[in-house]
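The values are calculated or read from the model by the stated rules, or taken from the named source; none is laboratory data. Computed from a predicted model, the values in this text were never measured in an experiment. Virtual Cβ from ideal backbone geometry, glycine too; neighbours counted across all protein chains shown.
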Amino acid sequence: MGSRTLSNGANINNYFQDFSRVVHTKGFPDTDQYGKPGMTFLHEGDIAGMATDLKKMLSEDFANRYIQNESQTRKSTHELDRKENPISLYDLFSNEDFKETKINREEQQSSKSQKPLNVEQQPLMSLYDLFCFSEEERKQTNLKKRGKSQKKASTPYQFDLFSQPQNSTGQIPPPAPMPIKEKPVELPVEPRPFASAVQEFHKQGSLVIDNGQVGFLKERYRDDAVFMPLELNPIQKQRAEQYIKFRDTYHLLYNYEATERTENSELRQSFNTLYDDFVRQYGHLNDRKNLDLIKMDAGGQEILSLERFIDGKLVKADIFTQPVSFNPNEIKQVDTPVEALSASLNKFGEVNLDYMYSLLDDKNAEEILHDLNGRIYYNPLISNYEVSDKFIAGNVIAKAEILELYLKENPQSEYQLETAASLKALQDARPRPITFEELDFNFGERWIPQNIYSEYASYLFDGNYSASNLRLNFEYSIFFEKIICFKY
């Protein structure tokens, strides 16, 4: 059987002279599963609707085409078959065969006029008929089963092609309504004011969620910001939302403990849960597939530091188990001023006398400063004490000059004695000046100015000499009235 090509490039079998014999309510040119031209047919009804249309079509076809005059049937079939195939069905069968076909059709037509038998009254083929059991063999089989309870066989029911499921009342239930899919609301992908509250950890470029839409802060002001939505597919959107919730919880936990100086166990548990959920669904934060998303966030590098490598494996940072903004095992009391100084440096990074006083109940301020003499010095420039390693370091000569000037300008200072002791410590730490005899330099050193060489040459040769340096070959030339004398 041949085929033809439609105007859209689709190949159609010639048996389909048109599409009226296709069960459908809507058809249009389209492409097949391989992207080639084809036709798409849709039926807007349900299964019952398609069955009704098919039943109507088959009924018309059987009535109009199945029972026809032999000559018309043979002629039409013969012509169609000859067009497509060099050998038709009538070349394979004789006229006697078609006579038998005609007789069978007449018998079928006469049987239709008679009243059809009930399905229950029609004889049914049993297993005895299938295996050709005789009547005697059937009786012997029945004798063996005598005495046993026999179940009443259920009456067989023969379904037709268009039978529909029935309920208890014998009526065909109405078809279930088709669910109506609501179209998702398309949100605008344009900059707009950020509707949510701006947190202190939000920066320009931070990933945020606004009215269920994922985006970033295009502009960040003091109390408001400009939100720029991102076009993400559902999987990317879900991953970004999980990350944003985890990141926000981290900042809330850290800021709370840093401000209140107390541990928040409930928030830490939620922080661990969000992290575990993210890792279970999308992998670790530092996995390559998550780096593009996290580095898109303005504070993404800080989030990546929440995982660290130990023996080649990614593990959680300390904040997952304990506070890191303060020491939960903070020292409450010490025995000596030196221990109090160490506790102050560990907690504040500087000398905090008030904190040190609170750790020592049995000593007053004067006793503590006396015991720390030589370990801390008063610096009037910052109005506080500094440890000796920091105070007596750097350019101690310049520091000493500044303190001398301070004492002259502030003779009535409250810390006059402490400043004088600090000045003496700087003066004692001043290095010994290097004498001229200890200096070692050679004639032609580049760091010596050229006028020194000129003056020396004029003094040595008793004339108006000048020196010039050629930086390309590192040579000095001595001139006398613009005439070169020698090089060195």
Tell me which helices (runs of 4 or more DSSP H) are completely within the stretch 246-346 and hold 3 or more residues being on the phi > 0 side of the Ramachandran plot and modelled with pLDDT of 95 or more, or say none if there are none. none
Restricted to the stretch 290-308 and to residues being closer than 14 Å to residue 318 by Cα and in contact (Cβ under 8 Å) with a residue 12 or more places away in the chain, the residue surrounded by the fewest Cβ atoms within 10 Å (Cβ to Cβ) is 305
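For every residue, the table says whether it meets (1) outside the structural domain of residue 261 (by TED's automatic domain parsing); (2) of a type in the set (Ser, Thr, Tyr); (3) more than 58 Å from the chain's Cα centre (by Cα).
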site	(1), (2), (3)
349	yes, no, no
356	yes, no, no
380	yes, no, no
405	yes, no, yes
409	yes, no, yes
413	yes, yes, yes
423	yes, no, yes
Pick from the stretch 40-59 the residues that are of a type in the set (Asp, Glu) and closer than 11 Å to residue 24 by Cβ: which of them is surrounded by the fewest Cβ atoms within 10 Å (Cβ to Cβ)? 44
Scanning the stretch 307-326 for residues that are farther than 16 Å from residue 264 by Cβ and not basic (Lys, Arg) gives 307, 309, 310, 311, 312, 314, 315, 317
Would you mention how many residues in the stretch 233-251 are aliphatic (A, V, I, L, M) and within 22 Å of residue 301 (Cα to Cα)? 2
Within the stretch 376-401, the residues that are loosely packed, with under 13 Cβ neighbours inside 10 Å, part of a helix (DSSP H, G or I) and of a type outside the set (D, E, K, R) are 398
